[in-house]
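Readers should treat all values here as calculations from the given coordinates under stated rules, not as data from a laboratory. The structure displayed is predicted, hence computed values, not measured ones. Please note: Cβ atoms are built from the backbone with ideal geometry, for glycine as well, and neighbour counts cover all protein chains shown.
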């Protein structure tokens, strides 16, 4: 049985397509960036903080709800707070709630430390947002 040139060409194209699809799948799996981050990072890459609500907090050891607004937040983001005395405080996972790629909620505890604070959003791949300042009175 002989195979016509058109059938042979279709078989070659199909083989090339399957090879390309396999290579693309392999590259996606080994990119080192989670699918969640790919969905939310967009063209800009790093997350960005545009506002915090409320804009000031009471110096207290009680938990106070902070809403962080911006863009590019992955569901597995973490936060770092800079205290008025220069110490870095990492977020506690159980207090951080992912709302959307543009909003996070955090139960903030200033430890009674009044002054100018800032917060930064981190992605698991090491990208960080701009620091955003707020006041604890």
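Here is how the numbers come out for the structure above:
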{"item": "Tail beyond 17 Å, pair distance distribution of region 81-126 (Cα, percent)", "result": "39"}
{"item": "Order of 123, 135 - criterion: other Cβ atoms within 10 Å of each residue's Cβ, fewest first", "result": "135, 123"}
